[in-house]
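What follows is one structure encoded as structure tokens, with my remarks underneath.
The values are calculated or read from the model by the stated rules, or taken from the named source; none is laboratory data. The structure displayed is predicted, hence computed values, not measured ones. Don't worry about glycine lacking a Cβ; one is built from the backbone with ideal geometry, like all the others, and counts go over all protein chains shown.
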Amino acid sequence: MSDEKSSPPPAVFTKGSLFRHISVMSFTASIGLMAVFLVDFVDMIFISMLGKAELAAAVGYAGAILFFTTSFGIGMAIAAGALVARALGAGAPEEARRRATNALIYGVIFGALFAAIVWFNLAFLVGLLGATGATLELAVHYLQIIVPPLPFLMIGMIGGAILRAHGDARRAMMATIWGGLVNAVLDPILIFGLDLELTGAALASVCARVVIAITALLPLIRHYRGFDKPTASSLTIDIRPILAIAFPAILTQLATPIGQAYVTRAMAEFGEEAVAGMAIVARMTPVGFGIIFALSGAIGPIIGQNAGAGLNERVGAAFREGLLFTALVVVVVSGLFFVARPGIQYLFQLENGVALTIVFLFAGPLSLMFFFNGVIFVANAAFNNLGHPFYSTIVNWGRHTLGTIPFVLVGAAWFGAPGVLIGQYVGGAVFAVIAVILALRVIAKQTAQAESVDPFARQARLFSLLHHRR
């Protein structure tokens, strides 16, 4: 049997159980994500084993900058995934291939320009976060190595998004798993074997990015004929729809590292031990909640395909099932974090102090608050795939400015370093409620518009929905 015949049908999400689609897509995507995040987690363990507080703090500062650069890639990947999914849902595979090709080209170009701007301003950016002296120099050195390969990361992220738009979460997962394995093998060799310490961790990450890019592109070429030969006319055609989603999506994603940068600076007021504790939490979060991080990219194609096919009831149902899935995952993971507290303390060699307080606060009641982060992820996926990407921008910027700065200020004044994280999560809960209200309005508006065009649309969609459920 040929690869072409064995691949999933173009619009696999327009039928069958939505909760199952969400679960399968999220779990498979999260395995790939957690393979990468787990390596970052192990990096932090290795660096903590070196016994140098300034190295752990440097990774914390560098992480905020890397979050900034990665967010740019996420924005481009969101645009590619949304456009390809809608084209597949509408039964237009040629359009899907053209948009996949052009999104990848623009992603590489914009990624290279963005990486150059960040690279030439590293010392300034790290200094803004509150780093000084040897810690600042270490963070800048680490970033000087890992920022230039950003275009490779962009290729991997966009390629993975296009694979998920085709419903092929397994191959998207394997791309990041291969990258994570390469990183995991090289880390101990470079950090300890060659005694390169922070430099070794950076070089291992660079190699992983190249591997992720290659393993994301190969299945698209082999199994989906996923790309066309680019032409000047096709690039011109797609620049507007790509930027219409990518620009607000990038603005949306950039809000997160900017908000995190403020949190990092606020935590820096309590010393390097507090920053090191926050850096540990930053590594624990994606490892534990990788499924929730993956949910936004996983549910987007599900919403997009059903919207493209005009199945608006399934769009609304997918949104609700996404919220239910988020709640279940957060409760389970929070319980595991709480049980694992002694092991976490041992792994990071934490003694009684502010770092241990921060880590134990998160690995307890505060991790339950991550539900509201997941709510925002699901709402943003709905906005991006239903033609309202600027709603994502509004919610994310509001969450990371009005929902961060005043809450962090109050939290720090009342509870010290732990209050910084408490304030950040409380502010997120407020904007999660706003996001849900907006998302429900967008879904209701789309349904009402469809019914106003065709008075028999509701009956037809209900019949289609019942048919697909069978």
Revision key, fill the gap. Of the residues in region 75-93, those that are surrounded by fewer than 24 Cβ atoms within 10 Å (Cβ to Cβ) and in contact (Cβ under 8 Å) with a residue 40 or more places away in the chain number 3
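This table checks each residue for (1) out of contact with any Leu (no Cβ under 7 Å at 6 or more places or on another chain); (2) in a helix (DSSP H, G or I); (3) buried (at least 19 other Cβ atoms within 10 Å of the Cβ); (4) not hydrophobic (A, V, I, L, M, F, W, C).
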{"position": "F371", "(1), (2), (3), (4)": "yes, yes, yes, no"}
{"position": "I376", "(1), (2), (3), (4)": "yes, yes, yes, no"}
{"position": "N380", "(1), (2), (3), (4)": "yes, yes, yes, yes"}
{"position": "G387", "(1), (2), (3), (4)": "yes, no, no, yes"}
Exercise for review: Would you point out which residue out of L125, L113, L66 is under 17 Å from L254 (Cβ atoms) and surrounded by fewer than 17 Cβ atoms within 10 Å (Cβ to Cβ)?
Suggested key: L113
Point to revise | F247 being in a helix (DSSP H, G or I), among the aromatic types (F, W, Y) and under 26 Å from I109 (Cβ atoms) | key: yes
Check your understanding: What are the residues in region 167-178 that are within 16 Å of the chain's Cα centre (by Cα) and among the small types (G, A, S), if any?
Key -> A169, A172, A175
Exercise for review: Starting from region 94-108, keep only residues that are touching a residue at least 12 places away in the same chain (Cβ under 8 Å), then list their pairs with residues that are surrounded by fewer than 18 Cβ atoms within 10 Å (Cβ to Cβ) and basic (K, R) whose Cβ atoms are within a distance under 9 Å, requiring at least 6 positions of separation or different chains.
Suggested key: R97/R225; T101/K229
Exercise for review: Would you mind telling me which numbered condition in (1) crowded, with 24+ Cβ neighbours inside 10 Å; (2) at pLDDT 80 or above V339 fails?
Suggested key: (1)
Practice item. From I358, I443, I405, I434, grab the single residue that is touching a Pro at 6+ places or on another chain (Cβ under 9 Å) and β-branched (V, I, T). Key: I358
Practice item. Filter region 35-68 for residues that are β-branched (V, I, T) and at pLDDT 75 or above and give the result. Key: I65
Revision key, fill the gap. Here the residues within region 335-354 that are assigned to a loop (DSSP other than H, G, I, E, B) and among the hydrophobic types (A, V, I, L, M, F, W, C) are A340, F348, L350
Review point. Looking only at residues in region 362-381 that are aliphatic (A, V, I, L, M) and modelled with pLDDT under 85, which one is farthest from the chain's Cα centre (by Cα)?
Key: A363
Review point. Here are some residues: T357, T326. Which one is part of a helix (DSSP H, G or I), in contact (Cβ under 8 Å) with a residue 60 or more places away in the chain and hydroxyl-bearing (S, T, Y)?
Key: T357
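Select from region 400-419 the residues that are within 22 Å of Q253 (Cβ to Cβ) and in a helix (DSSP H, G or I) and list them in ascending order.
H400, I405, F407, V408
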